[in-house]
1. If I ask for residues that are crowded, with 21+ Cβ neighbours inside 10 Å and part of a loop (DSSP other than H, G, I, E, B), which ones from the stretch 231-253 would you list?
2. With respect to Val175, determine if the residue is of a type in the set (Val, Ile, Thr), under 25 Å from the mean Cα position of the chain (by Cα) and part of a strand (DSSP E or B).
3. For the structure I just gave you, tell me whether Arg663 is of a type outside the set (S, T, N, Q), at pLDDT 95 or above, assigned by TED's automatic domain parsing to the domain that holds Asp760 and more than 19 Å from the chain's Cα centre (by Cα).
4. Considering only residues of the stretch 116-142 that are assigned to a strand (DSSP E or B) and among the charged types (D, E, K, R), which is nearest to Arg68 (Cα to Cα)?
5. Identify the residue in the stretch 734-793 that is part of a helix (DSSP H, G or I) and within 30 Å of Val26 (Cβ to Cβ) and, among all such residues, is farthest from the chain's Cα centre (by Cα).
6. Checking Thr228 against (1) open to solvent by less than 30 Å² (accessible area, probe 1.4 Å); (2) in the same structural domain as Ser264 (by TED's automatic domain parsing); (3) assigned to a strand (DSSP E or B), only one condition comes out false. Which one?
7. Go through the stretch 318-333 and report how many residues are open to solvent by less than 10 Å² (accessible area, probe 1.4 Å) and either within 30 Å of Arg405 (Cβ to Cβ) or aromatic (Phe, Trp, Tyr) (or both).
8. Could you look through the stretch 432-442, keep only residues that are under 29 Å from Ser377 (Cβ atoms), out of contact with any Gly (no Cβ under 9 Å at 6 or more places or on another chain) and not small (Gly, Ala, Ser), and pick out the one that is most open to solvent (accessible area, probe 1.4 Å)?
Amino acid sequence: MAGGIERKSINRTHGPDAPHGEFHRVGKRARKVDGIGKATGQAVYADDIQLPGMLHAKTLRSPHPHARIVSIDTSKAEALPGVHGVITGADMPTKYGVIPWTPDENALAVDRVRFVGDEVAAVAAVDEDTANAALRLIEVEYEVLHPYLDPKESLERHDPAIHEGNKKGNISKHVELEFGDVAAALASSAHVIEDDYAFHGTAHAPIEPHCAVAQAGHDGVLTLWSSTQIPHYVHRALAKVLDIEAHRIRVIQPHLGGAFGGKSDPFYFEFCACLLAMRTGRPVKFLLTREETFYTHRGRHPMDMHFKTGCDADGKITAVDSKILIDGGSYSSFGLVTTYYAGQLLCGPCHFPTYRFDSTRVFTNKPPCGPKRGHGSVQPRFALEIQLDRLATKVGLDPIEFRRRNFQGSNVETVNGQTVTSNGFVECLDTIETASGWKDKRGKLPRGRGIGMAGSMYISGTNYAVYPNDMPQAGIVVKLDRSGLAMVYTGTSDIGQGSSSVMATIVAEELGLRMDQVRVVAADTDLTPVDLGAYSSRITLMAGNAAVDASRKLRKQVQEAVGEHLDVPAGRVILADGWAFDAQDGDKRIPSREAFELAESKFETLAAAGSYNTPERGGDYRGGTIGASPAYSFTAHAAEVEVDFETGEIHVEKVWIAHDCGRAISPVQVEGQIEGSTYMGVAEVALEDHAVFDDPAHPEAGLHMRPSLLEYTIPTSVDTPELEAHIIESIDPEGPYGAKEAGEGPLHGSLPAVANAIYDATGVWMTKLPFTPGKVLAALRAHESGTPTGEEA
């Protein structure tokens, strides 16, 4: 059915951190600062960049999932008219990786290829047709090696290793942590649920494919425009791989057409574009096709998960025990973090006194996995929330009441040593219970219709940078102009989530400006302070605090100068709506333009830098800081579904979402993030599947099965359920004005909420994603015949 959007917000206009007790911009409904530009086509994306003499580059890819490169002959390609440059892995032998401890990638394959689509050579030519023709002239001799297409095989077999020299064979990372005596707690539990769960792996499918343009300037500066969400990390990686001093490199992120985590690695085409530009002396553009974007991947990891969960007779959780096998694909990417996140981020919003997780990521000869929205914890959250519903059923408790009974509270430490400050989860539960009509529907709808719920938590940024350092995680520079304009220089990456609008809103709030009096320059390593990028939902809290810091320094100067001019104390000067005025006499006022001129006369040029670094967080053990965050968001979902007993089709009719984002700086954007996250989660339940042919004997072994948007199905407007978003504001002491994240947390609970609704509709627990009609129909028939769908004790 066609979906609709209903938005309900709890918007508070007063708060403890407002400049003068009342907000003028924060918490108000406003359009994005770049919205009109995008809607009218004025916004410039990477592929819009056209430079004089620009060449177009294409990539030769491996036809084999696993093979040794015996030889490469590029001479015929180099001789083709119109070809200006050909490079191979020998031109860039230095390995890199976004995580500094796992550098296992080359810009182009040096000695072996590790998945179908792995990059072997690159050509720059006068146009794409000539570049593609040149690729066909490159001769590569391969020695085919055994392909690993099943993570279980990678766990056991290590010869030949996918990465030679890896001491752990085909194991990428293994983490085993235990908090308390889990075995004893389970043994003494009144009820225990044990079962296997599976997540299949999905892609990001942004509207914009990857694209980069590089130019070697006459001044010796190498400039890269790239559709990246981590300009700073790309800047560092370019310096390393190309062996260039970092100050001679400039990275600019143009407008971005979606990312969702899929553009948070340094990528081969960025290095290749730069090297080819340097070699040819001409600008070079790489534009990936949709199929190439699927092979570049970095999508959500497939996981096989075994969970065992116990509770006492009153429904209090006693223990959670998980064992997880993660299919990492061919390279590490963020995999070290993924392996920890699969366990570390489950310890809320429900409390459990004992906990153990055993998480292993393995390499396979598939496209590399990485971070996708809700990185690392969407898959195990799916398993855990179904486990909790099953325990509630055993105890005879309503699922919402079960979670209330196990609520961990605010200002607490989790079982694994993470600090939870504000926590609005109970209010989230209350909201979806009322909004969905839960009490009138749960267990009372007609056969084939059901309602289910789930809860979740997520980080508001990682507490520590990807590479160890003591420098700030975010920096902002604000400059005030005599015209009354505030220029904001920020390294943050706006990938569609609206971070530039958040920075503009904060500066406008602090300096009492209208939104049209603030302009943002973002994500340009030459012009803006370092920000670590758009990942782990970090920008609002971290860069937002930096924006507050810079703006308040300037506000103090403006108030002092205006106070002298009006002959009133500086503390009585209010900045609001483009004016500076006396709080006790509104007739004493001057426009911001004059206020800035007075301040510049008194203090000289008006500019201030602000920064933010995180407080100490995390447990005192190896890996205890991974998953630590300054603040956590909390979410509750309720989903209503209809299941067709004849076809096995699932129709998600409506989803209610209550998300605790702390202070909603921009309610419209928060609602958009809640809806977008939930849309993506529902899509992963029944439609999306990033799959390759995984039979080594298959003639197309390792080939992607659905590398286009015709075959890789994502919901259209017709498929999207009605979404009702509710904003819950538990003001957090660490966030700017109390704000926390809203970009990833609202995804997690949507998957298990649908699964739990299917149980309410059919009496069947679905545990293996995706829930295709065939799987659902088989489960229904098995249930009708009395075949158990899971192991319960």
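1. Gln253, the sole residue that qualifies.
2. Working: of a type in the set (Val, Ile, Thr): yes; under 25 Å from the mean Cα position of the chain (by Cα): yes; part of a strand (DSSP E or B): yes.
In short, yes.
3. On the way: of a type outside the set (S, T, N, Q): yes; at pLDDT 95 or above: yes; assigned by TED's automatic domain parsing to the domain that holds Asp760: yes; more than 19 Å from the chain's Cα centre (by Cα): yes.
Here the answer is yes, as Arg663 does meet what is asked.
4. Checking each candidate, the answer is Glu141.
5. Among residues in the stretch 734-793 that are part of a helix (DSSP H, G or I) and within 30 Å of Val26 (Cβ to Cβ), the one farthest from the chain's Cα centre (by Cα) is Tyr737.
6. (3)
7. So in the stretch 318-333, the residues open to solvent by less than 10 Å² (accessible area, probe 1.4 Å) come out as 319-320, 322, 324, 326-330, 332-333.
Pick out the ones that are also either within 30 Å of Arg405 (Cβ to Cβ) or aromatic (Phe, Trp, Tyr) (or both) and you get 319-320, 322, 324.
Result for the stretch 318-333: 4.
8. Here the residue is Thr434.
The values are calculated or read from the model by the stated rules, or taken from the named source; none is laboratory data. Computed from a prediction, not measured in an experiment: that's the story for all the values here. Please note: Cβ atoms are built from the backbone with ideal geometry, for glycine as well, and neighbour counts cover all protein chains shown. Please note that ligands, DNA and RNA were not included when accessible areas were found on the heavy atoms of the full protein model with its side chains. Shrake-Rupley method; radii C 1.70, N 1.55, O 1.52, S 1.80 Å.
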